[in-house]
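Down below is the structure, laid out as structure tokens.
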Amino acid sequence: MRISNSTDGDQPGHIKLQFRNSGWRWWIWYETPLVAVKRLDRNDYQGNKEFLNELNLVASFDHSNIIRFIGYCDDENEKIIVCTYARNGSLDYHLQNLNMRWRLTSKQRLKICLGAARGIKYLNSGRVCSEVIHRDMKSANILLDDNMDTKICDFGLSRLDSTNQSDTGVVTKVAGTRFYMDPVCNKKSRLIKESDIYSFGVVMFEMSSGMMAYIPSRIEDSKEQYLIDIVRSYYDDHKFVDKLIDSAIKGQIDMSSFDKFNKIAHECISLDISLQMWIMFVKIRDLEIQLVNEASIFWILKVVWWMMKPFPGQCQTLIASQRSQGGGVRFSRDKHF
């Protein structure tokens, strides 16, 4: 099957998963192994920049909680990125679908958060040549594989941390989905890795409450709501935060563990950037999350602390074609899978 022809229209043997406003289309094949094909809209100039940016980044990643790059096509008018396919879809799908949310256990939610924390730690650590800022960390960009393991995806908006870059061409403009964006970084138009930590905190509250970051109005006279506004009102008014618990996991998790989990999330969304850093380096090592009916204790804050710990080692190349021996290959328009 040719990579170009296989993505033209509705062909037998594959289906279109979704269409994004940015011009990307995701496809899968009913073959083994399944892959996800991300194809650029040929008329989208801005998407071309995102394509090159994402290609350079995703081709350099090597982490179990980052979606794995397989190959790409950049011939003539075809611009395609091929990655592994996550069978269980995105986290937001599981949270928005009532039946799926009730199947998502407290243990699985913690496991997903741990995976996301490890993935963000890898990106922010500087192991990939420089510290990478995702800029659009949200539940829609957290994919789940067969084992419900986290796979962070969608790096079209990601950038290298400008605090460590001397090049004037580094983009420092804040971007992302506003319901997950750090308002302090957004106001200052400053691109820093703490913004990923803030977004991660929003995702944690989605997991513990079962509510999405944005809650649209359900009746004509009602107002739209934002999860973070609800969370802050509970903390500011000293209300019972346990009312924020998702009823789907209420009987599965000890309330002291739930409180610790929410405390971590609340401090991640702190408007004081220095406090966010303090969380990463100090307090994270001391707190733990223990789930009911489990034999082991998860030190989630310790893992999140590791997000910020620098990695030793040399910088990795960002050239996709040089990763052919490690898994990433460049496909021509006539290349068959």
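Things worth noting here:
- Residues satisfying the stated conditions in the range 105-139, i.e. of a type in the set (Asp, Glu) and at pLDDT below 85: 131
- Exactly one residue out of 89, 23 is among the small types (Gly, Ala, Ser), closer than 24 Å to residue 179 by Cβ and at pLDDT below 75, and it is 23.
- Of the criteria (1) closer than 15 Å to residue 202 by Cα; (2) part of a loop (DSSP other than H, G, I, E, B); (3) at pLDDT 80 or above, which one residue 248 fails: (1)
- Some residue of the range 170-179 being buried (at least 18 other Cβ atoms within 10 Å of the Cβ), under 21 Å from residue 90 (Cα atoms) and modelled with pLDDT of 85 or more: no
- Unmet criterion (only one of (1) within 20 Å of residue 131 (Cβ to Cβ); (2) at pLDDT 90 or above) for residue 56: (2)
- Contacts under 8 angstrom Cβ, first residue in the range 129-147 being assigned by TED's automatic domain parsing to the domain that holds residue 183, partner of a type in the set (Phe, Trp, Tyr) and in a helix (DSSP H, G or I), 6 or more apart: 136/180; 137/180; 137/200; 138/179; 138/180
The values are calculated or read from the model by the stated rules, or taken from the named source; none is laboratory data. All values reported here derive from a predicted model rather than from experimental measurement. With ideal geometry, Cβ positions are generated from the backbone for all residues, glycine too; neighbour counts draw on all protein chains shown.
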